[in-house]
Ligand SMILES: Nc1ncnc2c1ncn2[C@@H]1O[C@H](COP(=O)(O)OP(=O)(O)O)[C@@H](O)[C@H]1O
Ligand SMILES: [Mg+2]
């Protein structure tokens, strides 16, 4: 287990967005978070690398443990934490710089002194983008297709050598072909990384994840082995949701 929540409650002002969440995230596995719009998926995901710190009204009760350490402890530097727990967003957001610069920028400002070309090549290879861009590394990242831009953002996260990669609906802005490429990539990445993916697409959760968490109105309704959850849900609400009989 690499990440764990203990009696976790997340708030915006006095409104509770996540209620008493207790989950364990396994290392080198893909965990999907599913549930209807507004149920708290992004809030939960973003609390795991303290992206919610940027929202004034946000507050937390309980703990999130990463390698047994509480990430909200006052001794933890959130910027340092985000090097270990990277994030990929819904809309591809490359910097308006070259493909090469997109990858090397993060490591560079963090004092990377190794072989830059090698790091760029390795990161792009890991993200399954190298062959498509190896002859145009100095082109603008914005000249890439949406699907390529999203893989560049994954490569950019990888270049920081994180332990965990958080993905918030990473395919929702992409066409089916780019989505399929990224799904294949996610399954490959778990060899070296732990992945948490938020998706409103249940088929996608079923295809890519080892474990699935079903959230409803801020409550963890069911969390377990993906195959089991989709084939034989324990909870009636989960069953209604995955069979589309949700009222
Ligand atoms: N910045 C914010 N300020 C206040 N409330 C928010 C904020 N972001 C999300 N919420 C509320 O928290 C709840 C969960 O939202 P969110 O985590 O974005 O859900 P999901 O990702 O599942 O669609 C919703 O009721 C939403 O309106
Ligand atoms: Mg969301």
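The values are calculated or read from the model by the stated rules, or taken from the named source; none is laboratory data. Keep in mind it's a predicted model, so treat the numbers as computed, not measured. Using ideal geometry, Cβ is built from the backbone for each residue, glycine included, and neighbour counts are taken over all protein chains shown.
Key figures for this structure:
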item: Filter pass, residue 67 being away from ligand 1 (no atom under 16 Å from the Cβ), over 17 Å from the mean Cα position of the chain (by Cα) and within 30 Å of residue 18 (Cβ to Cβ); result: yes
item: Test for residue 61: is it within 16 Å of ligand 1 (Cβ to nearest atom), in contact (Cβ under 8 Å) with a residue 24 or more places away in the chain, under 30 Å from residue 216 (Cα atoms) and part of a loop (DSSP other than H, G, I, E, B); result: no
item: Meets criteria (within 16 Å of ligand 2 (Cβ to nearest atom), over 13 Å from residue 29 (Cα atoms), touching a residue at least 60 places away in the same chain (Cβ under 8 Å) and surrounded by fewer than 22 Cβ atoms within 10 Å (Cβ to Cβ)) for residue 160; result: no
item: Contacts under 7 angstrom Cβ, first residue in the range 182-196 being farther than 17 Å from residue 147 by Cα, partner assigned to a helix (DSSP H, G or I) and at pLDDT 95 or above, 6 or more apart; result: 195/186; 195/189; 196/45
item: Enumeration of residues in the range 19-52 that are under 17 Å from residue 71 (Cβ atoms) and within 13 Å of ligand 1 (Cβ to nearest atom); result: 21, 43, 44, 45, 46, 47, 48, 51, 52
item: Check on residue 16, assigned to a loop (DSSP other than H, G, I, E, B), farther than 25 Å from residue 243 by Cα and either in contact with a strand residue (DSSP E or B) (Cβ under 8 Å, 6 or more places away or on another chain) or within 12 Å of ligand 1 (Cβ to nearest atom) (or both); result: no
item: Residue match in the range 74-84 (condition: surrounded by 15 or more Cβ atoms within 10 Å (Cβ to Cβ) and touching a residue at least 40 places away in the same chain (Cβ under 8 Å)); result: yes
